[in-house]
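Nothing in this text is a laboratory measurement; each read-out follows from the coordinates by a stated rule. Owing to the predicted nature of the structure, the values given are computational and were not obtained by experimental measurement. In this analysis, Cβ positions are derived from the backbone assuming ideal geometry, glycine residues included, and neighbour counts consider all displayed protein chains.
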Amino acid sequence: MNESREHTLIIWSSALPHAERILEDVSRTFLILRVFRVHWSEAFFRDNLKVFYSHSQRHLSSSAYDRLLEGKMRHCGTGDFLLVVLEDPTPEYGMRETSSGPRRVNVRLFDKKQEYRRWTGGGHRIHTSDTSYETDKDLTLLLGVDAAGFCSRYPGSSREEVLLRRDCTGVGGYDSLETFFQVLDHAIDYCVLRNYECLPGQYTEEEHGDIDLLVEDPAFAAYLTLARPVFPEPWRVYHLVRIGGRDVPFDFRYVGDQYYDTPWEKQILRTRERCRGLFYVPDAENAFYTLLYHAYVQKRTVAPDYLPKLEAQGRRIGVDFRPGPDDAVRLLDGFMERNDYEYTRPVDKSVVYEDAFLQRSVRAFRLGTFVKRTEEDGANGYRYKTVVYRGEDRFVKRGTAWLLGNEYRMLSAMEGCPGFPQVISFREHGEEAVLEMTRLEGMKASVFFRSRDHHTPPIVKSFIRQGLAILDQLDRRAVCHRDVHPDNLIVCELPDGTCGVGLVDFGWACKAETLPDAPVPRNLNLIYRSPKDDSDRYSFGKILSQFWPDLPAVRKVAEDLCGGRKTRLGWLTPYDIFRLFVRRSTWVWKVKYRMDRRLRYPA
């Protein structure tokens, strides 16, 4: 892999008293190509920081990012700063622990950055680009050119300080769509999904509507482009970006939003192609099938202008497309089967999911509605994959044969016990298997108890009693579930004001006598696991202590369970009942929410 020799170093304004010493030390190890004194507009300083740090802070919510930026401005200063573009003649790349986790970086410059931060009193008053990607991103945002363009525009080297009055590219609005795509090219993985024939010069909002992008991360895309959400719902992806003096609408579809199946979205970004040297689009095969999927699965009726596009794109990949749902479902089913993709219901609830069309699909009808996909490396090299589908009265799991075979055996051991799924059928096909089981009515305990109305004495008591009964049934059948947590406990409210409880997901369960040799998945939530062999009682005790930490009667049960002692729930005390009433009081919840925010985010 060819790594860039060019890097950026920023000395923020609060660290400028140390600038001369830093520049002298830099010149002993690296070649200084240019030194800029950068002036950002005072009114846009915060927006500049938001764009510049969009990649490293994409994991933060919008409100959390705003708080971080306020602290960043106090810590680093809001005055002019120095941008040093340097060249490392002998870069050495290796692993280092960074604020974003372990990463492969230029260790020579990274170690210098850590040293300079100590000189300037700690914190983050010094910034450097640690990789080729970061260099291109920094230069594109700060100067409007990537590393190669910089070397062409600024040949040679000079230590003379140059004043640069310029905000980050896009701050205050992009001058054109070309500039917008130039920033995306050097900052984020993206792809224009369709209707890109008019881009960039012939695009008009009135004629072409919004621009559909698939991006690696929605928050990153929004922070990078200063896009403004149009709707308050968190699942809406419709944004406005200021380009050429007007607001241009974009849909930021993203990996994991189930607009398409997640492996398919990743493949689209991996195989994307350059279009007219200006932006990225899907390759020929994905361009055809994403448009076919969009036209028939995500629309009530097929738009007339899609049909000639589908015919033309089909010819490019040797597919004879004939307009009509029968041919469309045949082509889609074949493509999805070949690539092991699923029909998925999007997170964005404004997107149509055409059930009437999918009833024609053999793949969708045979398995049911896609629910989730899990693919993980377990400990000791146990690689597994499962895909879950929901039918009218059953769940279907398809995936790794040894994992589903284990779930089949453990569920068979629980046959006839209330509160557990019952096996309908099990089929193995080489390394893959399909397991059908009955569906337990209700919702995850983690969701059920979000409602204040479910924190009543009858529901709390019945939840604990039935949970203890489930543990007793596991003991009698000598089965250890090993993954008891709120997402695997299914709860439903009954007409008499109590609740029913069930336990699902037996993939990692095992017989008690084989426990020491059983594989352990890497993704188990360790907060619910005990160092002892039988962790099910411990796990249930931890759940109770998290749900109702302030109820003495429940706390006693939780302590007994976590200590490995047999227990049963006694009567809730008057204090317990009072605390449950307080939990349901709206005004108390509002006060508690405000106090929690004060404690978590002090002024």
Margin query: Which three numbers, in whole Å and largest first, are the semi-axes of the equivalent ellipsoid of the chain derived from its Cα gyration tensor as √(5λ)?
Written below: 49, 35, 24
Check: By the scheme Lys and Arg +1, Asp and Glu -1, what is the net charge of all other residues having a beta-carbon under 15 Å from that of E24?
Finding: 0
Check: Separation between the E87 and S446 pseudo-spin-labels, each 7 Å from Cα along Cα→Cβ, expressed in nm?
Finding: 5.2
Next item on the list: Using 0.36 nm per residue of separation minus the Cα-Cα distance, give me the extension gain between S176 and R316 in nm, one decimal.
Entry: 47.3 nm
Checklist line | Cross-link reach list, lysines versus K299, counting only Cα pairs under 20 Å and skipping chain neighbours closer than eight places | finding: K309, K349
Check: Of K72/K137; K72/K444; K266/K542; K385/K461; K50/K444, which pairs sit farther than 29 Å apart, going by alpha carbon to alpha carbon?
Finding: K72/K444; K266/K542; K385/K461; K50/K444
Next item on the list: Work through the residues other than T271 whose Cβ is under 14 Å from its Cβ and net out their charges, Lys, Arg +1 and Asp, Glu -1.
Entry: -1
Checklist line | Dipole-positive endmost among N195, A478, A303 within the chain (Cβ charges, Cα centre) | finding: A478
Notebook entry, point to check: Under the Karplus relation 6.51 cos²θ - 1.76 cosθ + 1.60, θ = phi - 60°, what is the ordered set of whole-Hz ³J(HN,Hα) values for region 350-365, x standing for Gly and Pro?
Noted result: 7, 8, 5, 10, 7, 4, 4, 5, 5, 5, 7, 7, 5, 5, 5, 5
Next item on the list: For region 34-125, build the charge dipole from Cβ charges (+1 Lys, Arg; -1 Asp, Glu) around the Cα centre, then report which of T120, G79, S99 sits farthest towards its positive end.
Entry: S99
Checklist line | Förster-model FRET efficiency, 25 Å R0, W235 and T438, C-beta, rounded to 0.05 | finding: 0.25
Item checked: Three-way shape label, region 235-328, alpha-carbon gyration tensor, a/c 1.5 -> prolate
Next item on the list: Starting at the first residue of region 185-194, write each ³J(HN,Hα) from the Karplus equation 6.51 cos²θ - 1.76 cosθ + 1.60 with θ = phi - 60°, in whole Hz, x for Gly and Pro.
Entry: 4, 9, 10, 9, 6, 8, 7, 7, 6, 6
Item checked: Longest to shortest principal axis, alpha-carbon extents of region 6-165, angstrom -> 42, 36, 30
Notebook entry, point to check: How long is the gain from A284 to Q298 if the chain were fully straight, where each residue apart is worth 0.36 nm and the alpha carbon distance is subtracted?
Noted result: 3.0 nm
Checklist line | Length-normalised contact order for the chain - Cα pairs under 8 Å, 6+ apart - percent | finding: 8
Item checked: Efficiency of FRET from Cβ geometry, D560 and A512, R₀ 22 Å, rounded to 0.05 -> 0.65
Item checked: Principal-axis tilt of helix 325-339 within the chain, Cα atoms, nearest 10 degrees -> 90
Checklist line | Least to most buried among M410, M73, M95, M336 (fewest other Cβ within 10 Å first) | finding: M95, M73, M336, M410
Check: How much length, in nm to one decimal, is gained on full extension between K372 and D333, taken as 0.36 nm per residue of separation minus their Cα-Cα distance?
Finding: 12.2 nm
Next item on the list: First measure r as the distance between the Cβ atoms of M73 and L31, then evaluate 1/(1 + (r/R0)^6) with R0 = 25 Å and state the FRET efficiency to the nearest 0.05.
Entry: 0.20
Notebook entry, point to check: Once the Cα atoms of helix 552-562 and of the chain are each reduced to a long axis, what angle between those two axes, in degrees from 0 to 90 to the nearest 10, is obtained?
Noted result: 90
Note to self: Is there a quick way to get the dipole size of the chain? I mean about its Cα centre, with the Cβ of Lys and Arg at +1 and of Asp and Glu at -1; what is the value in debye to the nearest 20?
What the structure shows: 2220
Checklist line | Residue order, fewest to most surrounding Cβ atoms within 10 angstrom, among V557, V107 | finding: V107, V557
Next item on the list: Determine which residues of region 171-197 fall in the zone a paramagnetic label at R246 would reach in this model, i.e. backbone nitrogen under 14 Å from the point 7 Å along Cα→Cβ.
Entry: 176-177
Note to self: Quick check: the angle from helix 62-76's long axis to the longest principal axis of the chain, C-alpha only, nearest 10 degrees?
What the structure shows: 40
Checklist line | Reachable aspartates and glutamates from K556, criterion Cα separation under 18 angstrom, eight or more residues apart if same chain | finding: D536, D576
Notebook entry, point to check: Please state the relative contact order of region 149-246 as a whole percent: Cα pairs under 8 Å, 6+ residues apart?
Noted result: 33
Item checked: Between region 408-448 and region 536-582, the Cα center-to-center distance that results, in Å -> 29
Check: Around L33, with a cut-off of 9 angstrom between Cβ atoms, what is the net charge of the other residues, counting Lys and Arg +1 and Asp and Glu -1?
Finding: -1
Margin query: Counting other beta carbons within 10 Å of each residue's own, what order do L31, L580 fall into, fewest first?
Written below: L31, L580
Check: ³J(HN,Hα) across region 494-501 via Karplus (A = 6.51, B = -1.76, C = 1.60, θ = phi - 60°), whole Hz, x for Gly/Pro?
Finding: 9, x, 7, x, 9, 9, x, 10
